[in-house]
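Chemist: After the structure tokens below, expect a handful of questions from me.
The values are calculated or read from the model by the stated rules, or taken from the named source; none is laboratory data. Note that the structure is a prediction, hence the values are computed from the model and not measured. Cβ sites come from the backbone with ideal geometry, for glycine too, and all protein chains shown count toward neighbours.
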């Protein structure tokens, strides 16, 4: 067998035994892809630790965690332009992280026949990608809180699901209503980003 044939794609990591086997296979140099149900990428690290897995195994085996959400795409025919002032918008802090200040031109939904009356047509995805940097690996080894891991991930330039969604709003692909429906605000101290 070649190394490529030994790579594994597993279903959900529902229990400690399956997760332990997957992580130990990854430690031998094989690429292991699996899924785990959590609210965000940093939550996956906590879930693995809460399963009772050794922190050094989790820290050493994980390289990348991707959280994903499917969202509805605005219909190209019926979306309408809308200008908002991000300084007074409820999502101001998130816009700041995306380096958008002042007024932003977005697209919003409007029902029409082309979109089947729903104002949406098709789907797209939003993604939060957590790269396991040496600093995050150290935090996992020490069993740091998910807040500490998330703060370091932000310092490492991770984009949250909400930030990824707002980038799609600015690109005219999804509505603000979808952002609020499919993402949650993550409170982070502004000083943590310095």
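Chemist: Which residues, taken from the range 122-134, are buried (at least 17 other Cβ atoms within 10 Å of the Cβ) and assigned to a strand (DSSP E or B)?
Modeler: 126, 128, 130, listed by residue number.
Chemist: Now for a separate question. Checking residue 84 against (1) at pLDDT below 75; (2) closer than 22 Å to residue 156 by Cα, only one condition comes out false. Which one?
Modeler: (2)
Chemist: Something else: I need the full set of residues from the range 163-174 which are more than 17 Å from residue 40 (Cβ to Cβ) and touching a helix residue (DSSP H, G or I) at 6+ places or on another chain (Cβ under 7 Å), in order please.
Modeler: 169, 174
Chemist: Filter the range 1-24 down to the residues that are crowded, with 17+ Cβ neighbours inside 10 Å and at pLDDT 90 or above, then identify the one that is nearest to residue 152 (Cα to Cα).
Modeler: Result: 23.
Chemist: So which residues in the range 135-171 are within 30 Å of residue 75 (Cα to Cα) and part of a helix (DSSP H, G or I)?
Modeler: 161, 162, 163, 164, 165, 166, 167, 168, 169, 170
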